[in-house]
Each structure stands twice: as C-alpha cells, then as structure tokens.
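Worksheet: the structure to be examined is printed underneath.
The values are calculated or read from the model by the stated rules, or taken from the named source; none is laboratory data. In this text, all values refer to a predicted model and were calculated from it rather than measured experimentally. When we count neighbours, we look across all protein chains shown, and the Cβ atoms used for this are built from the backbone with ideal geometry, even at glycine. Note: areas computed on protein heavy atoms with side chains; ligands, DNA, RNA excluded. Shrake-Rupley method; radii C 1.70, N 1.55, O 1.52, S 1.80 Å.
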Amino acid sequence: MIEREHIVEAVVAAAEGPLTSRVRLQKTVYLLERLGLDSEFKFDYHHYGPYSRDLDNATSDAKAFELIEEKFARRLSDGALYSVFTLKGEGKPRAEAYGPLDPARAREFVQLFARTNVTILELAATIDWLCHFEDHRHDWDREISRRKPVKVQGGRLEKAVALLDRLGLSPPRPAAA
C-alpha cells in the first residue's frame, strides 16, 4: 500500500496550482474516497463536515518529507488565515496514489473541487455524510439546514446538490413538504 503522504502529494499536484484551505483538502479527499480512492483514511463529523485526523497527520508528514509546502494567506473580507498548499520541487506523484481511481479521472475531480466554492464543497461533503454515515438519508435537507443555516442560503445548497449529481453521488430527493 502506498504511504498516505503520497496520497496528499498526488492530490495537491492534481490541482495544477495552489490548493487553498485545509477545509478544501479535507473535502476533496473525502469526496475522492466516496468515488473510490480507497485510502483507508478514517473520517468523522466535525464543524465543517467530514474530517479525517489521519489525513491531517498525512498532510503534516507530506510537509515534513518536503513533498508539499503549506503557506498561509489572509482573507481580504475579514483577515482570517487560510492555508495554501503547493507541490514542493518537481515531484512526480505516483499514479497508484489514487488507488483504484483512474489517475486522469482523479485529477479531473481534484481540479473540479479546486475550482468549486469551498462552502459549496463543504455542503456537498456534508450532505453525502448525512445520507451515508448518519441516519439522515430521508431528511438530510432539514438536517443540513439546521446545522448550517447561513451556509445553505443564496443557492449554495442547490449548487452542492448539483455537484453531487455531477459526481454520481446524488442524495435522495427530499419529500414534498
């Protein structure tokens, strides 16, 4: 089995540019996992949806082994700090880092996630989590609205569902009210 830090390296490389924020990295790997990555990262639910301490540790290892670099930037709107991950040096990630996923397809997914608004990505991962790992398959829409009332506004919830549809991970349609 490939070392987990090489999975992180491959994901960062696949973005073909900076991969911004730890939330985006977590949700990208979670969704890749749901699409067949088979990394064996264990995920639990935390504030921003599915979160893996294993992935966080693998990210630290990837930095320590100088496979990736993490810099920090500040959001213009409020000055909040966020991470910016880039590939270090001229590393050539191993195709087997994507597990059973076709490497070209995995890169397409990562690039899609890198371009997707991070809140929409968070909502998509959370919807999937609620449907498959908690007992909210038939009321996920009410549950996510309860947990993330501000984030679901402005059409973001609909965009998150559209992203899941595009990935073939469509949630059950909510029952008519």
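In this Cβ point-charge picture (+1 for Lys and Arg, -1 for Asp and Glu), the chain has a dipole of about 720 debye about its Cα centre. Extent along the principal axes, Cα only, for the range 1-91: 40, 34, 21 Å, with the longest axis given first. Report the one residue of 65, 39, 113 whose Cα lies farthest in the direction of the positive end of the charge dipole of the range 11-131 (charges on C-beta: Lys and Arg +1, Asp and Glu -1; origin at the Cα centre). So the residue we want is 113.
Computed over the chain, the per-residue total of -39500 (n - 2.57) for DSSP H runs of n ≥ 4 gives a 222 nm mean residue ellipticity of -15000 deg cm²/dmol, rounded to 500. Checking every one of the trypsin sites (Lys or Arg not before Pro) in the range 1-37 against DSSP loop status and a limit of 16 other Cβ atoms within 10 Å picks out no site at all. When you filter the trypsin sites (Lys or Arg not before Pro) in the range 38-83 for DSSP loop state and at most 16 other Cβ atoms inside 10 Å of their Cβ, you are left with 42, 75. Relative to the current alpha-carbon distance between residue 54 and residue 96, full extension at 0.36 nm per residue lengthens the span by 13.2 nm.
Evaluated over the range 17-133, the count of Lys pairs having alpha-carbon atoms less than 22 Å apart is 10 (only pairs 8 or more residues apart or interchain).
Taking the convex hull of the alpha carbon positions in the range 47-122 and averaging its projected area over all directions gives 6.5 nm².
Ranked from largest to smallest solvent-accessible area, with a 1.4 Å probe on the protein heavy atoms, 132, 47 come out as 47, 132.
Over the alpha-carbon set of the chain, divide Rg by the Kirkwood Rh and report the Rg/Rh ratio to two decimals. So for the chain, dividing Rg by the Kirkwood Rh gives 0.97. Among the protein heavy atoms, those of residue 165 account for about 60 Å² of accessible surface (1.4 Å probe, every chain in place).
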